[in-house]
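Written out below as structure tokens is the structure these notes cover.
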Amino acid sequence: QVQLVESGGGLVQAGGSLRLSCAASARTFSSYTMAWFRQAPGKEREFVTAISWAGGATYYAGSVKGRFTISRDNAKNTAFLQMNSLKPEDTAVYYCAAKNRGMAVTNRNDYDYWGQGTQVTVSS
């Protein structure tokens with residue numbers, strides 16, 4: 001069982017930055033692909049970004065590419081999401097997710113473990 005706890009959300013003006021963290025309980029954290037998804041009111045949960053177990057490969061949704069950066073520190077069992085140039089349409093609850101099976105990274109159904117989410121609100 002893996003427990004994930006997100007932090008770092010909040011209210012920011014458009015153009016600003018936030019850094020989200022995801023602390024994991026797993027002793028084998030380094031074996032998990034980590035990802036961030038987000039869900040805006042009335043919308044489905046969507047893929048934002050993912051990072052491979054060793055950090056050598058990263059994946060981004062087109063809407064955030066060039067603005068968001070995912071990273072991980074396996075020694076601290078933590079994944080990060082640096083969000084720059086935030087837009088009002090980035091407003092959502094952001095969820096951290098983990099999986100250790102399969103190659104696909106964008107399908108939320110492939111992830112076994114989820115955090116409780118952290119709210120990000122971008123004002124215009």
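Things worth noting here:
- The range 23-89: relative contact order in percent, alpha carbon pairs under 8 Å with at least 6 residues between: 28 percent
- Residues listed by number, the range 97-114, amide nitrogen under 17 Å from ARG45 label point at 7 Å toward C-beta: 97-101, 104-114
- Spin-label model, ALA54/ARG108: points 7 Å from Cα along the beta carbon direction are separated by 3.1 nm.
- The range 64-124 - charge dipole about Cα centre, Lys and Arg +1 at Cβ, Asp and Glu -1, debye rounded to 20: 140 debye
- Computed from point charges on the beta carbon alone (+1 for Lys and Arg, -1 for Asp and Glu), the dipole magnitude for the chain about its Cα centre is near 160 Debye.
- Largest to smallest principal axis extent of the C-alpha atoms in the range 2-83, angstrom: 36, 24, 23
- HN-Hα J in Hz across the range 60-69 - Karplus 6.51, -1.76, 1.60, θ = phi - 60°, x for Gly and Pro: 9, 5, x, 5, 10, 4, x, 10, 10, 9
- Heavy-atom surface of the chain, accessible at 1.4 Å and reported per residue (Å²): 51 Å²
The values are calculated or read from the model by the stated rules, or taken from the named source; none is laboratory data. Being a predicted model, the structure only gives us computed values, none of them experimental. Using ideal geometry, Cβ is built from the backbone for each residue, glycine included, and neighbour counts are taken over all protein chains shown. For the accessible areas, the whole protein counts, side chains as well, though only heavy atoms, and no ligand, DNA or RNA atoms are used. Shrake-Rupley method; radii C 1.70, N 1.55, O 1.52, S 1.80 Å.
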